[in-house]
Every structure is written in C-alpha cells, then in structure tokens.
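The structure appears below as structure tokens.
Please treat every number below as a calculation from the coordinates, not as lab data. Being a predicted model, the structure only gives us computed values, none of them experimental. Don't worry about glycine lacking a Cβ; one is built from the backbone with ideal geometry, like all the others, and counts go over all protein chains shown.
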Amino acid sequence: MIRHGILLTLLQKEFTQIFRDIRMRVVLFVPPVAMLLVFGYAINTDLKNVRLAVWDEDRSAESRHLIEKFTGSGIFFVETYVQDEKTVNLLFDTGKIDMFLHIPPQFEQNLQNGKQVSLQILVDGTDSSRSSLVIAAMQGLFQEVMLPYHQKSIQKAFMIRQNGSIQALPSSIAIEERVFFNPGLSSRNFYLSGIFGLLISMITILLTAMSVVKERENNTLDQLIVSPLRPAELVVGKTLPYMIVGFVDTIMVSLLLIFWFHVPFSGSFLLLLLVSVEFLLTTTAIGLFISTISQNQQQAILTVVLFMLPALLFSGFAFPIESMPPVVQLLTYANPMRHFLDVVRGLFLKGAGIRILWPQILFLFVIGLSMFLVSGKRFAKHLE
C-alpha cells in the first residue's frame, strides 16, 4: 500500500528540487516549444521551388504554352535557358537546377497532326522522394497540355455511322477529385502531428532517467534508500512529477499545433489528454528502466538516444509501416510511439473517436502498464 501523506511529502520534495534551479525550469518547458517551432517551419515536403532549365528548339506558341504551364503551377520556375546539352551536365553537377526540359523541333506541328511527341526530361534523383514528386507533377502538367489534342485524336478514330449519318463518339472525360482528412495535402499537418509524440517522449524519458542517475551521482539516493519510504512509494514519487510536467508540455504543444500552426483538430481534446496520460506512463517507465542500467548521466543520455532512434523509425513518423518487411511490422506493435502517433493523427486529422481508436488505446495501456510494472520492480530490486 502507498501511504498518501508520505507520498505527498516526497512529491513536494521532488518538485522543490526540480523548480529551485532556474536552468531546470527552462529545460522542462522551453525545449518542447522551441523544437516544435523549429520543426514546424523546417519540416515541409510540399513540392515547390523546383529549378528548371529549358532548351526550347521549337520556339512555337505551343512550346511557350507548355513552359507557361510549368511556371504557372507554383511548383516550377525557370532558372535558366540553355542552347545545348553540354551546359546541362555542369548545371546538374553544381546543383543549380533540379530538372531539365528539352522541347524538340516540330513539337507544335507533331501535336497538331496527331503524331507522337517526344520530350526529353532529366531530373536530379539525389533525393528520391522529391524527384518522384517532381516526376508526378510534371506528368500531370503534360496530360493537361496534351488533353485537347488527345480528345481530337479520339474523335477522329471513333467515328461511327448511325442512321445514315456520321457521328462522333463522345470522348471527353470529367474527373472529380476529392481528398479526405487533408484537403490541402499539406505535409506539415502530417509531420507536426507526429512531432507531438517525439517531443513528449524525449522530454519525459530523458528527464526521468537523468533525475534518478543524478541522485545516485550526488549520493542522495542512498539517503532515500535508508528512509522509511517503501519501494512503491519511491517509484511513484520519482515518476509522477515528470508525468505531470509531461502532461503540461502536452497541453502546450497541442495548443501550439492548433492555434499557431493551424493543424486541423477534429477529434475530442479530452480523449487526447487521456491517451497522453497512458503514453506518459510508458515514457516515464522507460526513463526509470534506463536509470537502472546507467551508472552516470552520460550513459543515460546515450541510452536514451539509442532507444529513441529505432522507436522513431518504427513508429510510422516518416516511413510507412506498410512498406516494412512483415517481421518488422509485427515488432512495431511493441513500440508505444506507433500507437500514440496513430491516435494523435486520428484525432487531429480524421476526427476519429474511441470507437475507431480503441485497439491503439488498448495496446498503449497494456504496454504502459507492463513497462511500468517491470521498471518499478527492477528499480525496487536495484534499491535493495
């Protein structure tokens, strides 16, 4: 049993120790906000400012129309015009362009006559993700330019005779597109909702691990061991303060996402806070476990970094879990950050409720409770 009076005294001692140092106050609340602002403005995979080099040998109205389609899209801009291919290699090597477009002679004439049109496109593939987006955007623009001529060729090819008269088979196709959950296809909405879990976990894991190790280095942990505190009281007393601090950081970060970066929030804010408590239970338990295997603060920091890297990679933050090998996909179910990010993105972008998110919430609860029991038992044994 935990004696509430002694626990409150221990919590008061922990909070006094935390807030009496001005630098510690800064560490608790400034880094999450600062990192969110940095990530919020730095992380953006939306396609724009693609530098284009053009060699227009046709110099016709249609070739100019094609170039205007590129520049008017808001994605591409013409960095330079060239007169031969020799200059292109140098421009790519020096990183001055991202894409090269070569329009051959008789481009307009071949279009109007329904002949095959060949264009040369070179794309810098250093960043494969960006180059794939460039190619997709380029193909969309080409289809838009070619569509009127394509419709004419279809009408000529599918003339049919009906009731003694010649009629054209309708060839125009209307496509209605609709995007759910993120209509503007803003990458910031996706990544910032993922940054949420990263910031909260990093702060709570690091601070919990460091606080216990610091007690050991200052030889004050021995005083707690010989005190009349029970192991369960000491475990709760060392983790609960950082859960409270993490909870405050959670509210701060979520409000910044909603009101500063305008990430759409369509779900229940109360459910977000409840799930955050589950996640904080897990992260503080992980920090407590790291403190039992670290002899000093340097080891604790290194262990936190070694834990955070795979946890981030296998969470679906940047890389889709569906693209991973089946064995790795199974392993990701043991990663609490995966389930927390699913819940956060479901609440922010989809407006999902507990009826949809209950599997992730259940997984997170089981992982958090199990991790807390294991870490608490190991910590108590370590004290003995």
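For the chain, give the share of DSSP beta bridges that are antiparallel, in percent and rounded to the nearest 5; count only bridges with both residues there. Please list the in-between numbers first.
Values: 8 of 18 bridges.
Of all bridge pairs located within the chain, approximately 45 percent are antiparallel.
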From the phi of every residue in the stretch 60-72, what ³J(HN,Hα) in whole Hz does the Karplus formula 6.51 cos²θ - 1.76 cosθ + 1.60 yield, where θ is phi - 60° and glycine or proline is x?
10, 5, 6, 5, 5, 5, 5, 5, 5, 4, 5, 5, x
Say R0 is 51 Å: what FRET efficiency, to the nearest 0.05, do VAL366 and SER131 get from their beta-carbon distance?
0.75
Once phi is turned into θ = phi - 60°, what whole-Hz ³J(HN,Hα) does the Karplus curve with 6.51, -1.76 and 1.60 give for every residue of the stretch 204-211, x standing for Gly and Pro?
6, 5, 5, 5, 5, 5, 5, 5
If we restrict to alpha carbons, what Rg and Dmax does the stretch 74-147 come to, in Å?
13.6, 40
Based on the mean of other Cβ atoms within 10 Å per residue, sort peptides 236-246, 198-208 so the most packed one is first.
198-208, 236-246
Under the rule of -39500 (n - 2.57) per DSSP H run of 4 or more residues, summed and divided by the residues of the chain, what mean residue ellipticity at 222 nm is obtained, to the nearest 500 deg cm²/dmol?
-21500 deg cm²/dmol
Taking the chain as the reference, fit the longest principal axis to its C-alpha atoms, fit the long axis of helix 4-19 to the helix C-alpha atoms, and give the angle between the two in degrees, 0 to 90, nearest 10.
60
Taking Cα atoms, the helix 231-259 axis meets the longest principal axis of the chain at an angle in degrees (rounded to 10) of 30
Helix 128-157: inclination vs the chain longest Cα principal axis, degrees, rounded to 10, gives 30
Using alpha-carbon pairs under 8 Å, 6+ residues apart, how would you state the relative contact order of the chain in percent?
18
Listed by chain and number, the lysines with an alpha carbon less than 16 angstrom from that of LYS381, same-chain partners under 8 positions apart left out, are LYS238
One finds the C-alpha centres of the stretch 228-289 and the stretch 321-366 to be spaced, in Å, by 17
Past 32 Å, Cα to Cα, is the threshold; run LYS214/LYS377; LYS48/LYS86; LYS350/LYS377 against it and keep the listed order.
LYS350/LYS377
When Kirkwood radius over Cα pairs in Å is calculated directly from the model, which label among (i) 20.8; (ii) 23.2; (iii) 25.4 fits?
(iii)
Which whole-Hz couplings ³J(HN,Hα) result when phi for each residue of the stretch 75-83 is put into the Karplus expression 6.51 cos²θ - 1.76 cosθ + 1.60, θ = phi - 60°, listed in order with x for Gly and Pro?
9, 9, 9, 6, 6, 6, 9, 10, 10
